[in-house]
Amino acid sequence: VAEETGQSLRHGLFAIAEQKDLDQMLDWKSNRGGLLVSRRLRVSDQRIRLAQIVDGKPLRFSDAIDVQKSDGERTFVRDVPMAKALQFSGRLHDRVPRPVRHGLISVCVAWPTQTELEKYGPAGHWLAHSKIAEDGTFLIQGLPAGSWIQVIASCDGWYSQASDAKLRMSAFPGENRLANIEDSILPALYEFKSSLSDAVIDMQPAASAKILCTDADETPMAETKIFARRSQRFFHGSWASRTFRNQVSTLAELQATRRGIPYQPHQNAEISGTTDASGIAHISNLPGTKFLLRVDGHPYKDGRIWKSVTLDRQGRATVTVEGP
């Protein structure tokens, strides 16, 4: 394991990030010219990446490493150069009024050349997020290089606009697996082979909804609280609910695992509203016309607590739950 200059790296936390497991790691402190030895890899074809984590210093990443059985059956040896992490910065589009309120940007860097990503499949992504300043600017540091960086941003009243379908199909041919997901909740894509400092995130107005809540007898339910989950935000190849309802930082997750403590990502408050005397509740700041809805204290007829709701062209929907 070496720096760009060829000098051996002798210390730090090196995380073995597999496609199916992001928390395998060892503290390697070597006096043998930067030689790192791990006996924790599965004996199978796989792709891994090394991340060097040293307190107070910039992150370093290796390129994706394809491990194959033909590389020596149970022994795999490879010289691995480590490169400094990249950063992604920019601003929200000027159509978003300033000051920006409650702005959050989440990004995902997939494995280089990993394009055939399945909807529920393991992805091996590197996830990070940051607050957006009131002037609409943002900065995310400590990212590995990749063919593309996927971006989802939100603030009060606005959500990021997905890249057009032609670009998504070109970047991720497996996109047809996400055909049932509306464009409004997919990410924007930017090429990310080097640091990007002038990105402008195109934004669209958030959706509003008018929800009629009735019981099993179709009687309107007054003074009932409902909750909408804006977790239907997807990265290609991985559910991005982890980034909006639960904002995950791969770095923080690895560091927590290193310390042997449970990782608890920050959770956004759910969007909520209360029905009036006619059983109608108004909720806003939704990412699209499809979302999950829960009625406080009342399951749906099939016993579920959360239900997928699709608004009509007037932004309306009716849900029916069991009575008290």
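The values are calculated or read from the model by the stated rules, or taken from the named source; none is laboratory data. What you are looking at is a predicted structure, and each value in this text was computed from that prediction instead of being measured. For neighbour counting, all protein chains shown are included, and Cβ atoms are generated from backbone atoms with ideal geometry for every residue, glycine included.
Against the condition buried (at least 22 other Cβ atoms within 10 Å of the Cβ) and modelled with pLDDT of 85 or more, how does I152 come out, does it pass? Answer is yes for this residue. For residues that are of a type in the set (A, V, I, L, M), crowded, with 18+ Cβ neighbours inside 10 Å and at pLDDT 90 or above, scanning just segment 286-308, find the one that is farthest from I226 (Cα to Cα). Selected residue: L293.
Each row is one residue, and each column tells you yes or no for (1) assigned to a loop (DSSP other than H, G, I, E, B); (2) of a type in the set (S, T, N, Q); (3) over 19 Å from A207 (Cα atoms); (4) touching a Leu at 6+ places or on another chain (Cβ under 7 Å).
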| position | (1), (2), (3), (4) |
| --- | --- |
| D276 | yes, no, yes, no |
| I283 | no, no, no, no |
| G288 | yes, no, no, no |
| F291 | no, no, no, no |
| R294 | no, no, no, no |
| G303 | yes, no, yes, no |
| K307 | no, no, no, yes |
| Q314 | yes, yes, no, no |
| T318 | no, yes, no, yes |
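Residues in segment 155-178 that are within 14 Å of Q204 (Cβ to Cβ) and either of a type outside the set (D, E, K, R) or at pLDDT 90 or above (or both): C155, D156, G157, W158, Y159, S160, Q161, A162, S163. Being part of a loop (DSSP other than H, G, I, E, B) and modelled with pLDDT of 90 or more is a description that does not apply to P112.
Taken as a whole, the condition of being at pLDDT below 90 and within 23 Å of P287 (Cβ to Cβ) applies to E118.
Checking each residue in segment 208-228 for being of a type outside the set (V, I, T), within 35 Å of the chain's Cα centre (by Cα) and crowded, with 16+ Cβ neighbours inside 10 Å picks out A209, K210, L212, C213, F227, A228.
V321 satisfies every condition listed in (1) in contact with a His (Cβ under 7 Å, 6 or more places away or on another chain); (2) modelled with pLDDT under 90; (3) not small (G, A, S) except (2).
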